[in-house]
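Below is one structure, written out as structure tokens, with a few remarks after it.
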Ligand SMILES: C[S@@+](CC[C@H](N)C(=O)[O-])C[C@H]1O[C@@H](n2cnc3c(N)ncnc32)[C@H](O)[C@@H]1O
């Protein structure tokens, strides 16, 4: 299968750092206070994986999944020379082909779900929820739908579209809509326990949402 991140993959974290003034990285690790040593944690579409590495540094048993060999190569550069209590397990496959149901204490989907059409997003998030244990947590880091007055919304949409178009051209991703993740999580039976927001310039652009499986 073609690696969509072959060209832009190596630059992904650098571009996200510049574009978000490091707010994306803060967002991705903002629920790490819920990670306990030896807990089983999964990262779907891990990319370069600063969030997964931070979880392994907390002593969690981390599994990462990604379709892109380019992204996993960058991930492996990030963990070279690092030692963890539990070695990180890597799966180079489609997340939908991971069938370890009811296995994980915490499942992360950071800047991953917006890649999918709404129909597929519901399927993927439903699948991630099934991978979590009963009472387990699902954390989503992603974009906040535009809010505020018309001018604020205009600039939020413009800011978003810049990234959207770059990834459409470079990675052949779909042009993504904004999603109301909290609603979708509730529809899938997750209880929203906490939401943290991250600002860039005048507005909240990103959020991390923590859901719990009943
Ligand atoms: C936008 S990047 C985000 C990477 C990382 N989570 C972050 O926040 O920096 C999306 C990642 O998901 C991976 N991906 C896309 N579809 C996937 C799928 N069906 N299964 C597993 N990984 C997938 C891509 O290869 C890419 O590394």
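The values are calculated or read from the model by the stated rules, or taken from the named source; none is laboratory data. Fair warning: this is a prediction, and the values are worked out from it, not measured in the lab. Reconstructed Cβ throughout: ideal geometry from the backbone, glycine too, with neighbour counts over all protein chains shown.
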Tell me, please, whether a residue that is farther than 29 Å from residue 158 by Cα, in contact (Cβ under 8 Å) with a residue 60 or more places away in the chain and away from the ligand (no atom under 13 Å from the Cβ) can be found in the range 123-130.
yes
How many residues are assigned to a helix (DSSP H, G or I), out of contact with any helix residue (DSSP H, G or I) (no Cβ under 8 Å at 6 or more places or on another chain) and within 17 Å of residue 213 (Cβ to Cβ) when one looks only at the range 114-171?
4
If the requirement is being buried (at least 16 other Cβ atoms within 10 Å of the Cβ) and within 13 Å of the ligand (Cβ to nearest atom), which of these qualifies: 206, 181?
206
Is it the case that the range 175-186 has a residue that's part of a strand (DSSP E or B), in contact (Cβ under 8 Å) with a residue 12 or more places away in the chain and under 19 Å from the mean Cα position of the chain (by Cα)?
no
Please pick out the residue among 198, 155, 167 that is under 26 Å from residue 7 (Cα atoms) and surrounded by 14 or more Cβ atoms within 10 Å (Cβ to Cβ).
167
Return a yes/no flag: does the range 30-37 have any residue that is surrounded by 20 or more Cβ atoms within 10 Å (Cβ to Cβ) and more than 14 Å from the ligand (Cβ to nearest atom).
yes
Checking residue 40 against (1) out of contact with any helix residue (DSSP H, G or I) (no Cβ under 9 Å at 6 or more places or on another chain); (2) in contact (Cβ under 8 Å) with a residue 12 or more places away in the chain; (3) farther than 19 Å from residue 133 by Cβ, the condition it does not meet
(3)
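Going by what's in this entry, would residue 190 be described as more than 16 Å from the chain's Cα centre (by Cα) and at pLDDT 95 or above?
yes
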For the range 78-99, what are the residues that are over 22 Å from residue 32 (Cα atoms) and either within 14 Å of the ligand (Cβ to nearest atom) or surrounded by 16 or more Cβ atoms within 10 Å (Cβ to Cβ) (or both)?
92, 93, 94, 96, 97, 98, 99
Are any of the residues in the range 143-150 more than 12 Å from the ligand (Cβ to nearest atom) and within 22 Å of residue 5 (Cα to Cα)?
no
Within the range 39-61, track down each residue that is touching a strand residue (DSSP E or B) at 6+ places or on another chain (Cβ under 6 Å) and away from the ligand (no atom under 13 Å from the Cβ).
39, 40, 41, 56, 60, 61
Just to be sure I understand, how many residues within the range 125-161 are in contact with a strand residue (DSSP E or B) (Cβ under 8 Å, 6 or more places away or on another chain) and closer than 20 Å to residue 94 by Cβ?
8
